[in-house]
Ligand SMILES: [Zn+2]
Ligand SMILES: [Zn+2]
């Protein structure tokens with residue numbers, strides 16, 4: 001997307017957001033944005049860790065501690081750490097989530113009203129069990145998805 005050397009990932013994410021919203025013919029999909037700097041940090045750490053492990057495969061145990069490189073133990077399972085700072089200010093995240101008891105089909109759903117699909121942050125539907133999810137909402141104008149950064 002023509003970023004300059006000193007542009008931060010979060011700045012590019014913001015620019016992409018503005019471009020998408022101003023040209024969008026359907027509801028805006030946050031998953032089409034570049035990752036946040038926090039998400040990219042942990043992804044990079046895991047990549048470095050994995051490469052180091054592959055380079056030292058002959059060793060019996062981990063060269064580095066995965067817990068220092070973007071992994072955490074949750075309920076006995078090793079899981080990737082996704083982010084350590086919220087994707088948006090808390091006040092904003094409170095606004096753009098819904099608590100619908102029904103299927104989020106009408107403008108009474110605050111997500112739908114703002115042109116957003118429901119996410120795992122939503123109270124009842126969790127972005128999975130309603131009619132306002134990425135799979136239900138048709139992807140229109142996705143031809144510019146491969147432009148990367
Ligand atoms: Zn809803
Ligand atoms: Zn919903």
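The values are calculated or read from the model by the stated rules, or taken from the named source; none is laboratory data. None of these values were measured; they are calculated from a predicted model. With ideal geometry, Cβ positions are generated from the backbone for all residues, glycine too; neighbour counts draw on all protein chains shown.
Hey, residue 76 hits all of (1) away from ligand 2 (no atom under 12 Å from the Cβ); (2) over 20 Å from the mean Cα position of the chain (by Cα); (3) surrounded by 13 or more Cβ atoms within 10 Å (Cβ to Cβ) but one; which does it fall short on?
(3)
Could you identify the single residue in 28, 49 that is farther than 20 Å from residue 86 by Cα and in contact with a helix residue (DSSP H, G or I) (Cβ under 8 Å, 6 or more places away or on another chain)?
Numbers: 28 fails: farther than 20 Å from residue 86 by Cα.
After applying the criteria, what remains is 49.
From the list 140, 134, 95, which residue is within 13 Å of ligand 2 (Cβ to nearest atom), farther than 22 Å from residue 47 by Cα and modelled with pLDDT under 85? Let's see the steps before the verdict.
Working: 140 fails: within 13 Å of ligand 2 (Cβ to nearest atom); 95 fails: within 13 Å of ligand 2 (Cβ to nearest atom).
Answer to the check: 134.
Residue 84 fails exactly one of the following numbered conditions: (1) free of Cβ contacts under 8 Å to residues at least 24 places away in the same chain; (2) loosely packed, with under 11 Cβ neighbours inside 10 Å; (3) away from ligand 2 (no atom under 16 Å from the Cβ). What is the number of that condition?
Among (1) free of Cβ contacts under 8 Å to residues at least 24 places away in the same chain; (2) loosely packed, with under 11 Cβ neighbours inside 10 Å; (3) away from ligand 2 (no atom under 16 Å from the Cβ), the lone unmet condition for residue 84 is (1).
Please enumerate the residues belonging to the stretch 98-109 that are buried (at least 18 other Cβ atoms within 10 Å of the Cβ) and more than 9 Å from ligand 2 (Cβ to nearest atom). Quick ask: steps written out before the conclusion?
Filtering the stretch 98-109 for residues buried (at least 18 other Cβ atoms within 10 Å of the Cβ) gives 98, 100, 104, 109.
Those that are buried (at least 18 other Cβ atoms within 10 Å of the Cβ) and more than 9 Å from ligand 2 (Cβ to nearest atom): none in the stretch 98-109.
Take the conditions outside any loop (DSSP other than H, G, I, E, B) and either within 9 Å of ligand 2 (Cβ to nearest atom) or buried (at least 17 other Cβ atoms within 10 Å of the Cβ) (or both) and apply them to residue 125. Does it pass? Write out each step before concluding.
Working: outside any loop (DSSP other than H, G, I, E, B): no; either within 9 Å of ligand 2 (Cβ to nearest atom) or buried (at least 17 other Cβ atoms within 10 Å of the Cβ) (or both): yes.
So residue 125 does not fit the description; no.
Here is a check on your reading of the model: is residue 30 in contact with a strand residue (DSSP E or B) (Cβ under 9 Å, 6 or more places away or on another chain) and either at pLDDT 90 or above or at positive phi (or both)? Don't jump to the end; show me each part of the working.
Working: in contact with a strand residue (DSSP E or B) (Cβ under 9 Å, 6 or more places away or on another chain): yes; either at pLDDT 90 or above or at positive phi (or both): no.
So residue 30 fails the test.
Filter the stretch 110-122 down to residues that are near ligand 1 (Cβ under 8 Å from one of its atoms) and part of a helix (DSSP H, G or I) and give me whichever is surrounded by the fewest Cβ atoms within 10 Å (Cβ to Cβ).
Just the residues of the stretch 110-122 that are near ligand 1 (Cβ under 8 Å from one of its atoms), to begin with: 110-112, 118, 122.
Those left that are additionally part of a helix (DSSP H, G or I): 110-112.
On the way: 110: 18, 111: 24, 112: 21.
Out of the qualifying residues, it is 110.
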